[in-house]
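Read through the structure below, which is laid out as structure tokens, and then see the notes.
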Amino acid sequence: MQVENFNYDNRIVRNFIIASVIFGVVGMLVGLIAAIQLYYPALNLNLPFTSFGRIRPLHTNAVIFAFVGNAIFAGIYYSLQRLCKARLFSDVLSNIHFWGWQLIILAAAITLPLGLTTSKEYAELEWPIDIAIALIWVTFGINMIGTIIKRRERHMYVAIWFYLATFVTVAVLHIVNSFELPVGMFKSYMLYAGVQDALVQWWYGHNAVAFFLTTPYLGLMYYYLPKAVNRPVYSYKLSILHFWTLIFLYIWAGPHHLLYSSLPDWAQSLGVVFSIMLIAPSWGGMINGLLTLRGAWDRVRDEPVLKFFAVGVTAYGMATFEGPMLSLKNVNAIAHFTDWIVAHVHVGALGWNGLMTFGMFYWLVPKIYGTKLYSKSLANTHFWISTLGILFYAIPMYWSGFAQGMMWKEFLPEGMLKYPNFLETTLQIIPMHMMRSLGGTLFLAGIFVMIYNLVKTAATGKLIANEEASAPALEEDYKPHGANKYWHKIFERKPVTFMVLTVVVILIGGMVEIIPMLTIKSNIPTISSVKPYTPLELQGRDIYIREGCVSCHSQMIRPFRSETERYGEYSKAGEYVYDHPFLWGSKRTGPDLMRIGGKYPDSWHYSHFVDPRSMSPGSIMPAYPWLAENELNTANTPDKINAMRTLGVPYEKGFEEKAIADLTAQADKIAAGLTKEGYPVEGNKEIIALIAYMQRMGTDIKLSHTVSN
């Protein structure tokens, strides 16, 4: 048997580790600032680039795609080479992948604070960056698949299954959710509208969590946990069952983010059913991971890497049990739009992704530098600081979320809302937000401990940039025998077939849910009184999107008595048919705005934007003084009208030619009214457009009585 000599590329692994750590610090620091802004609004600095609505998506993108993304690539590139017994397919592609990904992150860090956003959660980046993401992701896929094809190991180990599923599914999700019509270099409108856009977005959003934050980490778990404990994974058969059921069921669960919304009941029910079924494969993976540690629990006490892995896998189990529970309608009715969801998300993000990443780095860095970890004591200290940080973060947010859910729904014996003023709830939970920021500070402090430890580790060794290795060449005439006749082994030898089967499995659920929503008109009943936005209102809506208002305010009144009493008539699917994109929101830091139109005079909105606390004492809303100073850019108004017409909004032919005149007339009327009330302002200011949008919201149908907010 011919033995071939080759080497592994550790330099690219080192580069991704460095990028992950740097962006982890940046992303979590921005998150900490945003957390403090929620009880100390002065930290918004009255500047557009530092306001909560703009830096909140910067935080989520930095943590998900920069910190976690770079960690995934580091872990995959190291393990893939060893599992395939081959150097990565192309050093050139590796470097294009690395630098391309960092440039995408840099582009996000520039554009999001500038307010260049689509507003769609986890998919906020505008169309040129979306194209770049697709190209770099394909580069990563070619490099990975090329490595698998030229492997010297006949069977693809279970970790590789999850890597392949991650690549193909994220590609499908990103492309389908990014169908948008450009209006300018950094402005676009989503192809889908209203209910359709909501379904596609949360099909993407939920499965971005599934296939970017979960499946690659399960692959990493299946490689690094057995390596760290020095024993094989507990059950090969369980890993097969875990993989195929997980990727099939996960893709259906997105609608559980839209329970009690205007999404048709059949779609909501599908989301609930498949979410509940997800407990089985998710816990199958957790059990497989934890039982791999069987007999080694005495080592867990002493080995920090095993501590991180053990608690990380446990956090995965907790989060994947809680997710299906939150998809039950009676639980969702309390938890949705509250801090409960924030706690749930961060148990997964900090516990599963964070701790698994830290454990992997503590194991990896000594390997690629040919040395030992500088200090196990510091690593153990990091573990306890991080664990305490998670507890100080999650427990107050659970408490806060439960308090919100209960206060929003509580009635007096006389039949009136006990807390009609939304601000009462906001003030009640401020102490919990303070504790949350303490937890975030502890978690961030732990990362600095890790940085010191890893830098000192690297200093005691030397990077093995090209690690020498050897392995027998792959036999072309290989025939399975004995135990190798097991049916699944056939797929493990054929990466392309395996990948095609994976695509088929993940497409089934998406097609069943999305195609009927896009093709069957009865799913979205129209309302004749609902009309397109005027040019000024359309511009105001774009400002609302730019400032990230959807991060704190929902536009979806659910059919609960507590919500119709507080906000007005519950939302109908037909009210959103001209909304590109939808703006239903996923968190209520402030009240729902669906029926805000006509509730307050223009002067109230003007004062509220310039100085929120002058109208709502104790409010934590950022001030937006620049809206009263910035001139509204109307040059792109005709292009926006044309784009909307292309997307099916029924603007009459030629309306774009008189759109600016229409906009000016409406703006001057609002400005004249404000001036008469003692608020002198010109009609060409951005605040006028935003007020126009506020006053239009929810007024297309007859409203029921609402109480004061």
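The values are calculated or read from the model by the stated rules, or taken from the named source; none is laboratory data. Keep in mind that what you see is a predicted model, and the values were worked out from it rather than measured. Using ideal geometry, Cβ is built from the backbone for each residue, glycine included, and neighbour counts are taken over all protein chains shown.
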Could you list, in sequence order, all residues of the stretch 95-130 that are within 24 Å of L47 (Cα to Cα), touching a residue at least 60 places away in the same chain (Cβ under 8 Å) and over 16 Å from the mean Cα position of the chain (by Cα)?
T111, P113, L114, G115, L116
Among residues of the stretch 230-258, those that are surrounded by fewer than 22 Cβ atoms within 10 Å (Cβ to Cβ) and more than 13 Å from I287 (Cα to Cα), counted
7
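For the stretch 403-432, which residues satisfy the criterion of being of a type in the set (A, V, I, L, M), touching a Pro at 6+ places or on another chain (Cβ under 9 Å) and either part of a helix (DSSP H, G or I) or at positive phi (or both)? Step through it out loud before you land on a result.
Here is the first cut: in the stretch 403-432, the ones of a type in the set (A, V, I, L, M) are 403, 406-407, 412, 416-417, 423, 427, 429-430, 432.
Those left that are additionally touching a Pro at 6+ places or on another chain (Cβ under 9 Å): 423, 429, 432.
Residues satisfying the conditions are L423, M432.
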Only residues that are buried (at least 19 other Cβ atoms within 10 Å of the Cβ) and among the β-branched types (V, I, T): list them for the stretch 1-32, please.
I12, V13, I17, V21, V30
Of the residues that sit in the stretch 325-344 and are touching a helix residue (DSSP H, G or I) at 6+ places or on another chain (Cβ under 8 Å), free of Cβ contacts under 8 Å to residues at least 60 places away in the same chain and part of a helix (DSSP H, G or I), which one is nearest to P431 (Cα to Cα)?
A343
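From the list I149, I133, which residue is of a type outside the set (K, R), more than 21 Å from the chain's Cα centre (by Cα) and more than 26 Å from M517 (Cα to Cα)?
Details: I133 fails: more than 21 Å from the chain's Cα centre (by Cα).
Exactly one of I149, I133 is of a type outside the set (K, R), more than 21 Å from the chain's Cα centre (by Cα) and more than 26 Å from M517 (Cα to Cα), namely I149.
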Is the stretch 230-242 home to any residue that is closer than 23 Å to K572 by Cα, of a type in the set (A, V, I, L, M) and not in a helix (DSSP H, G or I)?
no
Check S377, S386, S327 and return the single one that is farther than 30 Å from N15 by Cβ and of a type in the set (S, T, Y).
S327
Give me the pairs, please: first residue somewhere in the stretch 48-75 and farther than 15 Å from I36 by Cα, second residue anywhere and at pLDDT below 95 and of a type in the set (G, A, S), beta-carbon distance under 9 Å, and either six or more positions apart or on two chains.
I64/A208
Could you please give the count of residues in the stretch 441-491 that are of a type in the set (D, E), modelled with pLDDT of 95 or more and either surrounded by fewer than 11 Cβ atoms within 10 Å (Cβ to Cβ) or part of a helix (DSSP H, G or I) (or both)?
1
Those residues of the stretch 353-397 that are crowded, with 20+ Cβ neighbours inside 10 Å and within 22 Å of the chain's Cα centre (by Cα) come to a total of 13
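Against the condition part of a helix (DSSP H, G or I) and closer than 26 Å to L114 by Cβ, how does D579 come out, does it pass? Spell out the reasoning first.
On the way: part of a helix (DSSP H, G or I): no; closer than 26 Å to L114 by Cβ: yes.
For D579, the condition - part of a helix (DSSP H, G or I) and closer than 26 Å to L114 by Cβ - is not met.
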Take the conditions surrounded by fewer than 24 Cβ atoms within 10 Å (Cβ to Cβ) and assigned to a helix (DSSP H, G or I) and apply them to L291. Does it pass?
yes
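From the list S562, S586, S603, S554, which residue is outside the structural domain of P48 (by TED's automatic domain parsing), farther than 24 Å from R645 by Cβ and in contact with a Pro (Cβ under 9 Å, 6 or more places away or on another chain)?
On the way: S562 fails: in contact with a Pro (Cβ under 9 Å, 6 or more places away or on another chain); S586 fails: in contact with a Pro (Cβ under 9 Å, 6 or more places away or on another chain); S603 fails: in contact with a Pro (Cβ under 9 Å, 6 or more places away or on another chain).
Criteria check complete, one pass: S554.
Scan the stretch 345-386 for residues that are among the aromatic types (F, W, Y) and free of Cβ contacts under 8 Å to residues at least 40 places away in the same chain and jot them down.
Filtering the stretch 345-386 down to residues among the aromatic types (F, W, Y) leaves 352, 358, 361-363, 369, 374, 383-384.
W384 - this is the single residue of the stretch 345-386 that is among the aromatic types (F, W, Y) and free of Cβ contacts under 8 Å to residues at least 40 places away in the same chain.
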The stretch 590-709: helices (runs of 4 or more DSSP H) wholly inside it with 3 or more residues that are touching a residue at least 40 places away in the same chain (Cβ under 8 Å) and within 20 Å of L538 (Cα to Cα) are 602-610, 637-646, 655-676, 686-696
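Table: residues versus (1) in contact with a Lys or Arg (Cβ under 6 Å, 6 or more places away or on another chain); (2) surrounded by fewer than 24 Cβ atoms within 10 Å (Cβ to Cβ); (3) more than 30 Å from P495 (Cα to Cα).
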| position | (1), (2), (3) |
| --- | --- |
| Y157 | no, yes, no |
| Y163 | no, no, no |
| A171 | no, yes, no |
| E180 | no, yes, yes |
| K187 | no, yes, yes |
| W202 | no, no, no |
| A210 | no, no, no |
| P216 | no, no, no |
| Y223 | no, no, no |
Six or more apart or on different chains, Cβ atoms under 7 Å: show the pairs whose first residue is in the stretch 188-212 and closer than 20 Å to K521 by Cβ and whose second is in a strand (DSSP E or B) and acidic (D, E).
M190/E180; L191/E180
Identify, please: which residue in the stretch 634-651 is touching a Phe, Trp or Tyr at 6+ places or on another chain (Cβ under 9 Å) and of a type in the set (G, A, S) and is, among those, farthest from E180 (Cα to Cα)?
G648
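Right, Y39: surrounded by fewer than 21 Cβ atoms within 10 Å (Cβ to Cβ) and among the hydroxyl-bearing types (S, T, Y) or not? Working first, answer last.
Details: surrounded by fewer than 21 Cβ atoms within 10 Å (Cβ to Cβ): yes; among the hydroxyl-bearing types (S, T, Y): yes.
For Y39, the condition - surrounded by fewer than 21 Cβ atoms within 10 Å (Cβ to Cβ) and among the hydroxyl-bearing types (S, T, Y) - is met.
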